[in-house]
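Written out below as structure tokens is the structure these notes cover.
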Amino acid sequence: NAGVTQTPKFQVLKTGQSMTLQCAQDMNHEYMSWYRQDPGMGLRLIHYSVGAGITDQGEVPNGYNVSRSTTEDFPLRLLSAAPSQTSVYFCASSLGGRWAYGYTFGSGTRLTVV
Amino acid sequence: GDSVTQMEGPVTLSEEAFLTINCTYTATGYPSLFWYVQYPGEGLQLLLKATKADDKGSNKGFEATYRKETTSFHLEKGSVQVSDSAVYFCALHGSSNTGKLIFGQGTTLQVKP
């Protein structure tokens with residue numbers, strides 16, 4: 001049981017480059033989310049999905065795109081990387097409507113934009 | 001909108017000391033409340049949870065009680081260990097069925113031998 005798998009674990013980008021952060025879960029969870037973690041700011045929601053084909057914006061969506069073509073995968077795309085997007089990114093999933101079980105988090109992707 | 005406020009850290013304690021990390025929230029309706037823990041270099045792990053007023057969540061010696069009258073969910077442990085050193089996040093899931101978790105800013109705990 002792999003849980004939530006994020007790749008890559010580390011990435012360095014140059015300003016203006018694009019890339020995709022991968023997230024996959026094998027628990028048949030309906031809900032998936034992307035968060036970014038910055039010092040002193042906790043985790044902030046970027047985008048989330050309540051099921052395949054359905055996505056919505058969170059608190060800090062600018063500069064990021066998502067899609068959800070399958071239940072298992074929820075990639076996060078950086079369109080044109082900026083230094084302000086240097087952060088640690090976490091993907092999380094949860095069984096739909098079962099909030100008492102909380103979210104399962106991936107181990108994170110540490111992104112540096114130079 | 002919904003929000004979570006945690007006490008600022010870092011919190012530095014000696015082994016076997018008593019721990020309290022304060023957490024208060026603002027939300028409409030009846031949110032579910034969580035404490036997550038993040039060990040160095042790792043993702044977040046669910047530590048404990050409470051889904052209704054007066055519920056007490058507990059795990060690994062940690063406890064927190066959902067107090068609706070004071071909108072609080074303080075984390076406590078009677079005797080901390082060096083292995084408890086980590087960042088602790090208070091979070092809520094609000095009454096809307098969107099799956100959105102709202103996090104506090106996190107509190108770093110360092111336990112010294």
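The values are calculated or read from the model by the stated rules, or taken from the named source; none is laboratory data. Keep in mind that what you see is a predicted model, and the values were worked out from it rather than measured. Here the Cβ is made from the backbone with ideal geometry for all residues, glycine too, and neighbour counts use every protein chain on show.
Of the residues A:PRO8, A:PRO39, only one is within 11 Å of chain B (Cβ to nearest Cβ), of a type outside the set (D, E, K, R) and under 30 Å from B:PRO10 (Cβ atoms); which?
Values: A:PRO8 fails: within 11 Å of chain B (Cβ to nearest Cβ).
Exactly one of A:PRO8, A:PRO39 is within 11 Å of chain B (Cβ to nearest Cβ), of a type outside the set (D, E, K, R) and under 30 Å from B:PRO10 (Cβ atoms), namely A:PRO39.
Taking region A:1-25 as the range and being part of a loop (DSSP other than H, G, I, E, B), over 18 Å from B:GLY41 (Cα atoms) and at pLDDT 95 or above as the test, the residues that pass are A:LYS14, A:THR15, A:GLY16, A:GLN17, A:SER18. For B:VAL37, indicate whether it is among the β-branched types (Val, Ile, Thr), surrounded by fewer than 20 Cβ atoms within 10 Å (Cβ to Cβ) and modelled with pLDDT of 95 or more. No, not satisfied.
Determine, yes or no, whether B:ASP84 is surrounded by 17 or more Cβ atoms within 10 Å (Cβ to Cβ), away from chain A (no Cβ under 13 Å) and within 22 Å of A:GLY40 (Cα to Cα).
Values: surrounded by 17 or more Cβ atoms within 10 Å (Cβ to Cβ): yes; away from chain A (no Cβ under 13 Å): yes; within 22 Å of A:GLY40 (Cα to Cα): yes.
Here the answer is yes, as B:ASP84 does meet what is asked.
When region B:11-41 is examined, which residues are found to be within 28 Å of A:GLY106 (Cβ to Cβ) and of a type in the set (Phe, Trp, Tyr)?
Of all residues in region B:11-41, those within 28 Å of A:GLY106 (Cβ to Cβ) come to B:11, B:19, B:21, B:23, B:25, B:27, B:31-41.
Once the filter is applied, which keeps residues that are within 28 Å of A:GLY106 (Cβ to Cβ) and of a type in the set (Phe, Trp, Tyr), region B:11-41 yields B:TYR25, B:PHE34, B:TRP35, B:TYR36, B:TYR39.
When region B:65-81 is examined, which residues are found to be among the β-branched types (Val, Ile, Thr) and crowded, with 20+ Cβ neighbours inside 10 Å? Listed by number, the list holds a single entry, B:VAL80. The set of residues in region B:1-54 being more than 10 Å from chain A (Cβ to nearest Cβ), farther than 21 Å from B:PRO113 by Cβ, touching a residue at least 40 places away in the same chain (Cβ under 8 Å) and of a type in the set (Gly, Ala, Ser) consists of B:SER3, B:ALA27, B:GLY29.
With the structure loaded, tell me whether A:SER84 is surrounded by fewer than 16 Cβ atoms within 10 Å (Cβ to Cβ), under 25 Å from B:GLY104 (Cα atoms) and either touching a residue at least 40 places away in the same chain (Cβ under 8 Å) or more than 14 Å from chain B (Cβ to nearest Cβ) (or both) or whether it fails that test.
On the way: surrounded by fewer than 16 Cβ atoms within 10 Å (Cβ to Cβ): yes; under 25 Å from B:GLY104 (Cα atoms): yes; either touching a residue at least 40 places away in the same chain (Cβ under 8 Å) or more than 14 Å from chain B (Cβ to nearest Cβ) (or both): yes.
Judged against the criteria, A:SER84 is a match.
Just one of the numbered conditions (1) more than 12 Å from every other protein chain (Cβ to nearest Cβ); (2) modelled with pLDDT of 95 or more is not true of A:PHE90: (1). When restricted to residues that are touching a residue at least 40 places away in the same chain (Cβ under 8 Å), part of a strand (DSSP E or B) and not aliphatic (A, V, I, L, M), region B:63-103 contains 8.
Mind telling me which of the residues A:LEU111, A:LEU76, A:LEU95, A:LEU13 ends up being more than 15 Å from the chain's Cα centre (by Cα) and more than 14 Å from every other protein chain (Cβ to nearest Cβ)?
Details: A:LEU111 fails: more than 15 Å from the chain's Cα centre (by Cα); A:LEU76 fails: more than 15 Å from the chain's Cα centre (by Cα); A:LEU95 fails: more than 14 Å from every other protein chain (Cβ to nearest Cβ).
Unique residue meeting the criteria: A:LEU13.
For the condition surrounded by 21 or more Cβ atoms within 10 Å (Cβ to Cβ), free of Cβ contacts under 8 Å to residues at least 60 places away in the same chain and within 15 Å of the chain's Cα centre (by Cα), what is the one hit in A:HIS29, A:HIS47?
Result: A:HIS47 is the single residue among A:HIS29, A:HIS47 that is surrounded by 21 or more Cβ atoms within 10 Å (Cβ to Cβ), free of Cβ contacts under 8 Å to residues at least 60 places away in the same chain and within 15 Å of the chain's Cα centre (by Cα).
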